[in-house]
Amino acid sequence: LEERPRSCLLRFRHKLEEDIKPSYLMDHMISDGVMTVDEEEKIRSQPTRKEQAVALLELLLRKDNRAYISFYNALVKETYDDLANLLHDDLPYVLPDAHKSSSDGYTPYVQAMLSEGGVPQRPVVFVSRPELVNRVREKLYRLQKDPGWVTVFGMAGSGKSILAAEAVRHQGLIEECFPGGIHWLSIGQLDKPDLLVKIQSLCFRLEQSLDSQSLHRPPNSLDEAKERLRFLMLRRYPRALLILDDIWDSTVLKTFDIHCRILLTTRNRSLTDSVSGAKYEVEVESGLDENKALEILALYTDTKLHGLPEEARSIVRECKGSPLVVSLIGALLKEKPNRWRYYLSQLQQKQFKRIRKSSSYDYDALDQAMAASIEVLPEDHQELYKDFTVLEQDIKVPAKVLSVLWDLEPEEVEDILEEFVNKSLLFVDSHNKPYLYYLHDLQLDFLVEQNRTQLEVSWMQELKLLRITMNDVYYGPPISGDEECLYWIRFLTYHMAKANLCQELYSLMFSLDWVSIKSKIMGPAHLINDYVEYGPILDKEVSNQFQEFLSLNGHQLEQRPFPDVVQLALSQPHTSEVYRQALLQAQDRASRG
Ligand code: ADP
């Protein structure tokens with residue numbers, strides 16, 4: 001019901017309740033299709049005319065514009081002319097069949113229902129994510145017959161709240177599943193007294209719209225609040241949906257474990273483990289498609305998609321399409337449209353702190369959102385999480401690598417990783433066996449930024465890591481398919497360079513054995529890359545010699561069976577370190593027969 005007809009009904013409620021004969025009016029309303037026979041029966045079952053009238057008005061207040069119009073027409077037909085006159089001025093304007101033709105649209109009915117429940121409006125800059133929205137709606141439809149929970153989870157700023165609000169912006173869904181209304185509650189991180197206040201005001205809101213002279217005192221403990229809410233949802237608002245936005249804590253959720261219909265957004269996937277009832281979940285991927293993200297920038301800067309400068313694409317790529325970051329930058333560009341290059345470089349230099357908040361977001365910047373996520377971990381796990389700084393961007397690791405790093409049993413490591421994943425602090429690639437774990441680029445940047453002062457610590461960790469694994473990897477027989485081994489063959493050089501182990505890196509990279517192992521397993525391209533990357537800090541001359549050898553023999557090294565590297569190396573110039581080592585090995589072989 002729109003605001004005006006609604007307030008009109010409330011204003012004249014008592015007068016209407018005094019005068020009308022519901023049974024007559026309801027016949028008309030049923031034939032108009034705005035009321036069901038069940039609803040009529042319920043009202044008829046009230047003992048007195050007055051009580052029936054009260055119930056009819058209560059029902060009417062929960063209905064849409066069409067019901068108001070039908071009620072008005074019924075008054076006219078039953079010659080309650082003076083009552084009909086009271087309602088006349090606030091008759092809503094309804095397009096012929098507007099109800100049906102835009103059943104999934106943002107109809108006045110939907111608008112009224114959602115604004116009454118405090119559901120946030122669409123932001124001015126908004127891009128649709130139809131596939132995700134449909135996934136959430138599909139889960140919400142499962143709550144049609146029975147109560148239960150739908151969890152929307154994903155990392156900070158991935159667009160969960162906006163998605164939740166969008167999903168319920170649908171007339172069909174509301175009518176079929178949640179005719180009792182949609183009620184939004186922003187939770188966030190809060191303590192018990194704050195939670196109590198939130199539920200008090202929710203109860204107040206719910207009681208108010210039933211009966212403007214509510215005489216209930218507010219519940220004054222969480223238990224009491226829970227009971228009050230249980231009663232309200234069960235008796236007065238059956239088939240309503242509660243949306244709990246940004247839940248952190250399962251104890252908060254327990255307060256809402258009252259057998260009703262709930263949609264919640266959270267970074268922590270496993271929150272509903274501790275509550276009862278049917279549970280469904282939808283994961284929100286952390287980034288938008290490139291085009292959607294560009295669309296946001298275009299909307300903010302009032303540009304056409306193809307008119308965006310080249311930096312736009314780089315910005316999107318740099319933050320992996322994070323809706324939050326793209327919007328933050330878009331909002332800045334709206335103010336300062338000639339700063340594309342500047343903001344891009346800020347982003348590249350990880351200067352998140354300078355990227356100020358958009359007003360609709362609770363956190364000052366992305367790093368605060370991240371910090372908050374980490375702070376709720378148990379302290380020892382916070383420390384472990386920091387160790388992810390040793391990983392390289394875009395690289396996925398198996399649990400075994402972390403079990404070396406943390407010096408913990410594999411099972412324990414699995415549990416910890418699962419916790420991180422469930423809290424959206426870590427991602428898992430489960431298509432792979434064993435599973436591979438990785439951080440979102442923004443998370444890794446954040447961690448590195450945060451722990452810059454503690455970098456020595458992570459070097460220590462790298463040293464520890466290297467010491468344990470170097471022997472295994474370097475000298476042990478590499479088993480292809482063993483993810484841990486592959487990881488080390490690929491990244492040993494990277495970790496050594498980062499840990500400043502120049503001596504070790506030197507002897508590793510400039511050894512024919514290593515060249516043979518790594519090129520056999522990874523192919524020569526990775527090796528060449530190592531020389532390009534680290535050669536200059538070691539010995540440019542020698543590095544060039546190895547690089548040359550690899551470039552000349554690249555095609556041979558791709559062949560299977562794998563060629564004899566010593567043989568190949570013997571054809572290098574005699575002044576080359578590659579040749580020198582090959583010669584030594586050949587002599588060694590000869591002397592051993
Ligand atoms: P979450 O709840 O996952 O932390 P929000 O839903 O609050 O994330 O979104 C964070 C910010 O990202 C929003 O304030 C908005 O600026 C931007 N955003 C998210 N989704 C969209 C979207 N579909 N269209 C435009 N901007 C979006």
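The values are calculated or read from the model by the stated rules, or taken from the named source; none is laboratory data. A quick note: this is a predicted structure, and the numbers were derived from the prediction, not measured. With ideal geometry, Cβ positions are generated from the backbone for all residues, glycine too; neighbour counts draw on all protein chains shown.
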Options T265, T272: the member that is crowded, with 23+ Cβ neighbours inside 10 Å and either away from the ligand (no atom under 14 Å from the Cβ) or not polar (S, T, N, Q) (or both): T272
Test: A298 is surrounded by 23 or more Cβ atoms within 10 Å (Cβ to Cβ) and in a helix (DSSP H, G or I): no
Residues (within 15 Å of K518 (Cα to Cα) and free of Cβ contacts under 8 Å to residues at least 24 places away in the same chain) located in segment 562-593: P563, D564
Residue ranges of helices (runs of 4 or more DSSP H) in segment 311-414 with at least 3 members surrounded by 17 or more Cβ atoms within 10 Å (Cβ to Cβ) and at pLDDT 75 or above: 323-335, 340-348, 379-386, 399-406
Residue selected from segment 233-248 under the condition modelled with pLDDT under 90 and touching a Leu at 6+ places or on another chain (Cβ under 8 Å), by the criterion nearest to S373 (Cα to Cα): Y237
Hits in segment 1-29 (condition: under 44 Å from the mean Cα position of the chain (by Cα) and assigned to a helix (DSSP H, G or I)): E3, R4, P5, R6, S7, C8, L9, L10, R11
Filter result for P147 (touching a strand residue (DSSP E or B) at 6+ places or on another chain (Cβ under 8 Å) and more than 22 Å from V110 (Cβ to Cβ)): yes
